[in-house]
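Notes to accompany the following structure.
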Amino acid sequence: QAQLVESGGGLVQDGGSLRLSCAASGRTFSMGWFRQAPGKEREFVAAFGWGGGSTLYADSVKGRFTITTNGAENTMYLQMNSLKPEDTAVYYCAASSGVFASPDPARYKYWGQGTQVTVSS
């Protein structure tokens, strides 16, 4: 069993930055970020695999978002720079027992409660 607690969402202007945190209790091998905007499907943002050290990013966030981790605290961060209004969504942290990072939400068994990110134009 794993429990995930997210923090760090908020309101920011176009071009601004935010850092999301996801603290996991219990053993996890890979973690990911997903987001869901109103009226849209949940979509992959980024993921990290503890076992292989692999990192994946959606094309829409490459070069702007960066995953970092603190293994000692089993915590994952998502640094979001150059934010755009289209990044507005509820961001969810997810965890899996799979070793490698994956963009497939079906691979993730544990999910956080979500944190709202709003980017104003």
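If the segment from SER60 to THR118 were pulled out straight at 0.36 nm per residue, it would be longer than the present Cα-Cα gap by 19.2 nm.
What do you get for trypsin sites (Lys or Arg not before Pro) in the stretch 25-111 restricted to DSSP loop and a cutoff of at most 12 other Cβ within 10 Å of the site's Cβ?
Values: sites: ARG27, ARG35, LYS40, ARG42, LYS62, ARG64, ARG107, LYS109; in loops: ARG27, LYS40, ARG42, LYS62, ARG64, LYS109.
When the trypsin sites (Lys or Arg not before Pro) of the stretch 25-111 are filtered for loop state and at most 12 Cβ neighbours within 10 Å, ARG27, LYS40, LYS62 remain.
Counting only protein heavy atoms, what percent of the accessible surface of the chain is carbon or sulfur at a 1.4 Å probe? It would help to have the intermediate numbers written out before the result.
On the way: 2940 of 6080 Å².
Summing carbon and sulfur atoms, their accessible area is 48 percent of the total for the chain.
Relative to a virtual label point 7 Å from the Cα of ASN81 in the Cα→beta-carbon direction, which members of the stretch 19-58 show backbone nitrogen distances below 14 Å? Within reach of a label on ASN81, which here means backbone N under 14 Å from a point 7 Å along Cα→Cβ, the stretch 19-58 contributes 19. Its relative contact order, with pairs defined as Cα atoms under 8 Å and 6+ residues apart, puts the chain at 37 percent.
What net charge do the residues around GLU41 carry, taking every other residue with its C-beta under 15 Å from that of GLU41, with Lys and Arg at +1 and Asp and Glu at -1? Walk me through the numbers on the way to the answer.
Working: positive: ARG35, LYS40, ARG42; negative: GLU43, GLU86, ASP104.
With Lys, Arg at +1 and Asp, Glu at -1, the neighbours total 0.
Solvent-accessible area of SER97, all protein chains in place: 90 Å² (probe radius 1.4 Å, heavy atoms, ligands and nucleic acids excluded).
The values are calculated or read from the model by the stated rules, or taken from the named source; none is laboratory data. Quantities reported herein were computed from a predicted structural model and do not represent experimental measurements. Cβ coordinates were reconstructed from backbone atoms using ideal geometry, including for glycine residues, and neighbour counts include every protein chain displayed. Only protein heavy atoms, including side chains, enter the accessible area calculation; ligands, DNA and RNA are left aside. Shrake-Rupley method; radii C 1.70, N 1.55, O 1.52, S 1.80 Å.
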